């Protein structure tokens with residue numbers, strides 16, 4: 001991936017965050033800061049999803065304070081362990097929707113991404129190693145007095161051009177519209 | 001009981017959101033959490049009015065599940081609506097070819113989903 005493509009990829013991720021997080025009940029600030037210090041993983045949920053494309057593979061990780069996930073949960077939370085599972089599930093759905101939006105953004109640049117399925121764990125169990133080799137972006141968005149961290153790592157085949165021409169771009173079906181066959 | 005709608009999604013939150021909308025409208029909702037469980041549930045359930053199915057799921061994705069089911073003449077007329085974060089032409093075309101009747105990219109509005117179910121499966125009773 002070329003350096004300019006990393007920058008474009010980062011912009012696509014930021015656009016996706018601005019679109020998806022508010023839809024999911026997380027009113028983030030529009031402008032993220034670069035996350036250059038490790039996040040304190042205490043009381044955080046780490047939701048992540050892998051993806052692959054022609055000559056590239058990577059992962060999208062979102063670190064969310066448990067309190068924010070609890071406030072954004074779209075249904076009535078049950079008690080005890082059930083509530084715990086519901087918050088894990090909802091965090092996974094948020095990262096899934098975020099990757100869906102990133103995927104749509106990459107498609108406009110001719111890149112077809114194949115997603116994996118989301119997983120969530122307690123933040124304490126996740127260790128981040130920031131690697132220049134795979135790092136696309138590490139962002140922190142302010143949200144209701146807390147922060148939502150978004151990390152994208154990807155490994156591509158060397159410095160090969162990743163984005164394609166506009167002729168290869170594919171228009172996505174708009175969200176929330178019914179397409180009947 | 002109302003017409004049976006099977007909801008297949010690996011997110012329990014999404015299943016519960018969809019089930020809430022449809023149950024309130026009078027449909028009977030049965031849930032499954034991936035393509036394998038979805039296929040088993042459809043096989044084991046009589047008089048399925050409609051299936052609402054995610055695409056990216058563990059074990060078996062929704063399009064593969066649909067293609068598998070459609071090989072069985074018993075499910076030839078099964079009405080399937082895909083509800084997913086995917087919006088690319090490729091998966092949409094594959095789902096159409098496999099026999100899906102419609103596609104909605106998440107997130108969904110309750111009224112739109114209900115209108116789609118009424119259009120495809122008819123009224124709940």
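Condition check ((1) in contact (Cβ under 8 Å) with a residue 12 or more places away in the chain; (2) within 12 Å of another protein chain (Cβ to nearest Cβ)) across all residues:
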residue: B:12; (1), (2): yes, yes
residue: B:21; (1), (2): yes, yes
residue: B:35; (1), (2): yes, yes
residue: B:39; (1), (2): yes, no
residue: B:54; (1), (2): yes, yes
residue: B:80; (1), (2): yes, yes
residue: B:84; (1), (2): yes, yes
residue: B:97; (1), (2): no, yes
residue: B:114; (1), (2): yes, yes
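How about region A:62-94: which of its residues are closer than 18 Å to residue A:124 by Cα and either within 10 Å of chain B (Cβ to nearest Cβ) or out of contact with any helix residue (DSSP H, G or I) (no Cβ under 7 Å at 6 or more places or on another chain) (or both)?
Within region A:62-94, A:65, A:67, A:68, A:84, A:85, A:87, A:88, A:89, A:91, A:92 meet the criteria.
Pairs under 6 Å by beta carbon, first residue at positive phi and facing chain B (nearest Cβ under 10 Å) in region A:102-114, partner surrounded by fewer than 22 Cβ atoms within 10 Å (Cβ to Cβ) and outside any loop (DSSP other than H, G, I, E, B), six or more apart or different chains?
none
Give all pairs with beta carbons closer than 8 Å in which a residue from region A:162-175 that is more than 7 Å from chain B (Cβ to nearest Cβ) and surrounded by fewer than 18 Cβ atoms within 10 Å (Cβ to Cβ) meets a residue that is at pLDDT 75 or above and in a helix (DSSP H, G or I); count only pairs at least 6 apart in sequence or on separate chains.
Listed by first residue and then by second, the contacts come to A:169/A:107; A:171/A:107; A:171/B:89.
Which of the helices (runs of 4 or more DSSP H) contained wholly in region B:52-125 include at least 1 residues that are under 18 Å from residue B:12 (Cβ atoms) and either modelled with pLDDT of 95 or more or in contact with a strand residue (DSSP E or B) (Cβ under 8 Å, 6 or more places away or on another chain) (or both)?
B:62-70, B:110-121
The values are calculated or read from the model by the stated rules, or taken from the named source; none is laboratory data. Note that the structure is predicted; figures quoted are calculated from it, not measured. Here the Cβ is made from the backbone with ideal geometry for all residues, glycine too, and neighbour counts use every protein chain on show.
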